[in-house]
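Student: Following this message is one structure expressed as structure tokens.
Each reported figure results from applying straightforward, stated rules to the coordinates on display, with no laboratory input. This structure is a prediction, so every number in the text was calculated from the model and none was measured. Don't worry about glycine lacking a Cβ; one is built from the backbone with ideal geometry, like all the others, and counts go over all protein chains shown.
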Amino acid sequence: MKLYLLAGLFSLCFGRLYAQPGLQPSTQIRDAMQKVQFFEGRWSGEGWIQMGPQRQEFTVSETGFFKANGSVLILEGLGRDAVDSTVITHQALGVISYDQEAGKYLMRAYRGDGNYVDADFAVKDDGSILWGFTHPMAGQIRYTIRLEDDQWVETGEMSRDGQKWRPFLEMRLSRL
């Protein structure tokens, strides 16, 4: 009996040492995630993408929600061809968090084909978002997101040399 009581007390004390006290993100993480709060909710709109000679028009919906006590932002996107809505043109999931030790945001973006990219992600002084990555065949890819008249406006550009940028995507979404 004494052995069970001793084991129970040890488990209780040992467990408390490794428990997550309060389960509250730090002030630094809360402040960083507040800067991307506008993504939260449901968005819908239209856009275009042009990777070659043909421009493809699409409709798109994005849903943003926070998990892990507000410390992780999840963005789910689904795009459909503007002419034939049964054709999916874009399906993605983005996971955004803040690394307080490194003092920067982390972003992993998953595509509908199962591939992913770990992207650079930054909130600029004017409140715009700049995220991007290097693609082995396309070169540098960057996206800029701005809130304009309560619309989520996102543009995508690519560059092989980091100097000349060519637009390949634009979308405008309104909050539902």
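Student: Convex hull over the alpha-carbon atoms of the range 104-146: what's its volume per residue in Å³?
Tutor: Numbers: hull volume 3.5 nm³, N = 43.
Output value, Cα hull per residue: 81 Å³.
Student: Label residue 63 and residue 150 with points 7 Å out from Cα along Cα→Cβ: what is the distance between them in nm?
Tutor: Result: 2.2 nm between the two label points.
Student: State, to one decimal in nm, how far the label point of residue 174 lies from the label point of residue 23, with both points 7 Å from Cα in the Cβ direction.
Tutor: Reported label-point gap for residue 174 and residue 23 is 3.8 nm.
Student: Give the angle, between 0 and 90 degrees and rounded to the nearest 10, that separates the Cα long axis of helix 2-18 from the longest principal axis of the Cα atoms of the chain.
Tutor: Relative to the chain, helix 2-18 is tipped by roughly 30 degrees.
Student: Sequence gap at least 6, Cα distance under 8 Å: using those rules, report the relative contact order of the chain to the nearest whole percent.
Tutor: Taking the mean separation of contacting Cα pairs over the length of the chain, I get 16 percent.
Student: Turning to a different aspect of this structure: Modelled label-to-label distance, residue 82 and residue 54, 7 Å Cα→beta-carbon offset: nm?
Tutor: Here the answer is 1.5 nm between the modelled labels.
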